[in-house]
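The structure appears below as structure tokens.
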């Protein structure tokens, strides 16, 4: 019981995997965003792509919160910014903002 306050190496590695998964989601979002901005045709899957571009940052926030260290908060902030940016772009595209 005395050692219950300390993290084992398995728990630390598990938390690092969450950081890596969050980073992968951010990389996928950036790749899709670059393709979208450059005018790449998604062959009729444009709506699905835009919805995925909203879901990847949102998923990255939830996965990133399970991570550890200062990278956890960096990734959460990056994902939150990406989600807010895509939401704003969607509002402009729909003529609401």
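We did not get these values from a lab; they are worked out from the coordinates using the rules stated. Computed from a prediction, not measured in an experiment: that's the story for all the values here. Backbone-built Cβ (ideal geometry, glycine too); neighbour counts: all protein chains shown.
So how far apart, in nm, are the two label points at residue 31 and residue 15 if each is 7 Å from Cα heading toward Cβ?
Here the answer is 2.9 nm between the modelled labels.
Mind checking Rg over Rh on the chain, alpha carbons, Kirkwood formula for Rh?
Details: Rg = 16.9 Å, Rh = 14.8 Å.
Reported Rg/Rh, Kirkwood definition of Rh: 1.14.
For the chain, take the longest principal axis of its alpha carbons; what is the angle in degrees between that and the long axis of helix 69-94, to the nearest 10 within 0 to 90?
20
Measure nothing fancy, just the Cα-based angle from helix 9-37's long axis to the longest principal axis of the chain, in degrees from 0 to 90, nearest 10.
Long axis of 9-37 versus the principal axis of the chain: about 10 degrees.
To the nearest 10 degrees, how steeply does helix 46-64 sit against the main Cα axis of the chain, on a 0 to 90 scale?
Long axis of 46-64 versus the principal axis of the chain: about 20 degrees.
Once every DSSP H run of n ≥ 4 in the chain is given -39500 (n - 2.57) and the sum is divided by its residues, what mean residue ellipticity at 222 nm do you get, rounded to the nearest 500 deg cm²/dmol? List each step's numbers first, then the result.
On the way: 3 runs with 74 residues, N = 97.
-27000 deg cm²/dmol, from helical runs alone.
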